[in-house]
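**Student:** Could you have a look at this structure, given as structure tokens, before my questions?
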Amino acid sequence: MKKIKYILISCLSIISISTIAQTSEFKKTEFNINAFYGLSGLTGSLSGGSITPKTGAQFSLEGSLFFTPAIGIGIGAGYADYSSTVKLDNYTSSVAATDDGGENLQYRTKANNVSEEDKLSAFEVPLFLTYRSKSGKVYYEGNAGIKASIPISSSYHYTGGTITTTGYYENYNVEFIDMPEHGFQTVTDPAYSGKLSTNTAFSAFAKAGVVIPAGNFGIHIGLYGSYGLNSILKSQSSVLVGYPNVNYPISSLSSKVSLISGGIRIGVSL
């Protein structure tokens with residue numbers, strides 16, 4: 001929380017000088033309130049399946065300081081929602097395990113058409129370069145930079161499919177099934193859920209659009225996109241189910257799960 005406090009103080013410091021930092025040539029500081037809606041989710045590669053980002057909303061407050069009429073830097077603070085649908089069409093695994101009697105076995109898992117919904121909300125801090133140029137009464141603007149996404153909450157929830165676990169004992173050449181008390185069972189439409197283990201994510205982003213003057217305000221309309229540079233998930237799992245019946249998020253099978261967004265961004269500047 002201390003980091004968030006320092007970031008907000010920095011943003012407010014940039015904004016607060018806007019009342020004294022104007023010249024007759026150009027406006028040196030600018031304060032923006034932005035809203036975004038569009039593609040906003042988690043994405044990544046998944047063997048035998050897919051991670052598909054969904055839509056979401058993002059909001060931010062930003063302050064910019066211009067060194068010339070055209071070029072400046074900015075910092076902000078905001079909130080974003082991300083969500084995705086994760087699907088695993090066909091999956092098999094076999095891992096060595098030891099049962100409660102000390103016997104060695106191969107714990108085998110088969111999954112078919114298993115699906116999951118992932119959700120994440122984050123506090124975001126963008127740091128960017130900004131450019132603007134004027135044509136008549138309209139300004140053209142562009143921003144590019146890096147943002148940090150600090151997870152506030154995250155969750156996964158299975159929504160369908162079939163998962164079968166069995167135990168193969170090589171010493172006896174026998175495979176046990178339908179023994180839930182030992183971790184061997186078939187579950188249809190599993191309702192497993194839990195919290196995703198997350199990292200702070202860093203993303204590159206860019207925005208391009210126009211600013212339409214409206215009295216003392218400016219109306220910003222543009223296209224916005226961002227893509228994660230590192231994985232938002234802290235730890236990955238090598239298996240979907242651990243012995244005995246320890247369930248993991250489907251998305252944890254991906255080596256990298258990044259944040260992604262893209263869509264229309266609108267805002268008001270002071």
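The values are calculated or read from the model by the stated rules, or taken from the named source; none is laboratory data. What you see is a predicted model; the values in this text were computed from it and never measured. All Cβ positions, even for glycine, are placed from backbone atoms using ideal geometry, and neighbour counts span all protein chains on display.
**Student:** Of everything in the stretch 70-99 that's in contact (Cβ under 8 Å) with a residue 40 or more places away in the chain and more than 31 Å from the chain's Cα centre (by Cα), which residue is nearest to Lys28 (Cα to Cα)?
**Tutor:** Ala70
**Student:** Does Thr43 meet the test of being closer than 30 Å to Asn113 by Cα, at pLDDT 95 or above and surrounded by fewer than 19 Cβ atoms within 10 Å (Cβ to Cβ)?
**Tutor:** Values: closer than 30 Å to Asn113 by Cα: yes; at pLDDT 95 or above: yes; surrounded by fewer than 19 Cβ atoms within 10 Å (Cβ to Cβ): no.
No; evaluated as a whole, the condition is false for this residue.
**Student:** Go through Ser269, Ser254 for me and flag whichever is crowded, with 17+ Cβ neighbours inside 10 Å and under 24 Å from Thr198 (Cβ atoms).
**Tutor:** The match here is Ser254.
**Student:** Quick one: Asp99 ticks every box in (1) modelled with pLDDT under 95; (2) closer than 26 Å to Ser40 by Cβ except a single one, so which number is it?
**Tutor:** Every condition holds for Asp99 apart from (2).
**Student:** Looking at (1) of a type in the set (Asp, Glu); (2) loosely packed, with under 14 Cβ neighbours inside 10 Å; (3) modelled with pLDDT of 95 or more, find the lone condition where Glu117 falls short.
**Tutor:** (2)
**Student:** Here's a follow-up. Residues that are in a loop (DSSP other than H, G, I, E, B), modelled with pLDDT of 95 or more and not hydrophobic (A, V, I, L, M, F, W, C): does the stretch 46-60 have at least one?
**Tutor:** Checking the stretch 46-60: at least one residue is in a loop (DSSP other than H, G, I, E, B), modelled with pLDDT of 95 or more and not hydrophobic (A, V, I, L, M, F, W, C).
**Student:** Now for a different question. Tell me whether the stretch 99-114 contains one or more residues that are surrounded by 15 or more Cβ atoms within 10 Å (Cβ to Cβ) and not in a strand (DSSP E or B).
**Tutor:** Checked against the condition, which is being surrounded by 15 or more Cβ atoms within 10 Å (Cβ to Cβ) and not in a strand (DSSP E or B), the stretch 99-114 yields at least one hit.
**Student:** Further question on the same structure: Being closer than 26 Å to Leu120 by Cα, among the hydrophobic types (A, V, I, L, M, F, W, C) and touching a helix residue (DSSP H, G or I) at 6+ places or on another chain (Cβ under 7 Å) is true for just one of Leu229, Leu223, Leu196, Leu233. Which residue is that?
**Tutor:** From the options Leu229, Leu223, Leu196, Leu233, the qualifying one is Leu233.
**Student:** For the structure I just gave you, tell me whether Thr68 is touching a Ser or Thr at 6+ places or on another chain (Cβ under 6 Å), over 21 Å from Tyr224 (Cα atoms) and of a type in the set (Ser, Thr, Tyr). Explain how you work it out, then say what you get.
**Tutor:** Values: touching a Ser or Thr at 6+ places or on another chain (Cβ under 6 Å): no; over 21 Å from Tyr224 (Cα atoms): yes; of a type in the set (Ser, Thr, Tyr): yes.
In short, no.
**Student:** For the stretch 65-92, which positions are of a type in the set (S, T, N, Q) and either touching a Cys at 6+ places or on another chain (Cβ under 6 Å) or modelled with pLDDT under 95 (or both)?
**Tutor:** Here is the first cut: in the stretch 65-92, the residues of a type in the set (S, T, N, Q) are 68, 83-85, 90, 92.
If the condition is that a residue be of a type in the set (S, T, N, Q) and either touching a Cys at 6+ places or on another chain (Cβ under 6 Å) or modelled with pLDDT under 95 (or both), then Thr68, Asn90 are the ones that fit.
**Student:** For the stretch 145-204: of the residues being aromatic (Phe, Trp, Tyr) and more than 25 Å from the chain's Cα centre (by Cα), which is surrounded by the most Cβ atoms within 10 Å (Cβ to Cβ)?
**Tutor:** Only one residue fits best here, namely Phe184.
**Student:** In the stretch 199-257, which residue that is basic (Lys, Arg) and in contact (Cβ under 8 Å) with a residue 40 or more places away in the chain is farthest from Gly160 (Cα to Cα)?
**Tutor:** Going through the qualifying residues, I end up with Lys207.
**Student:** Assuming Val239 fulfils every condition listed in (1) buried (at least 16 other Cβ atoms within 10 Å of the Cβ); (2) hydrophobic (A, V, I, L, M, F, W, C); (3) under 27 Å from Asp81 (Cβ atoms) apart from one, which condition is it?
**Tutor:** Failed condition: (3).
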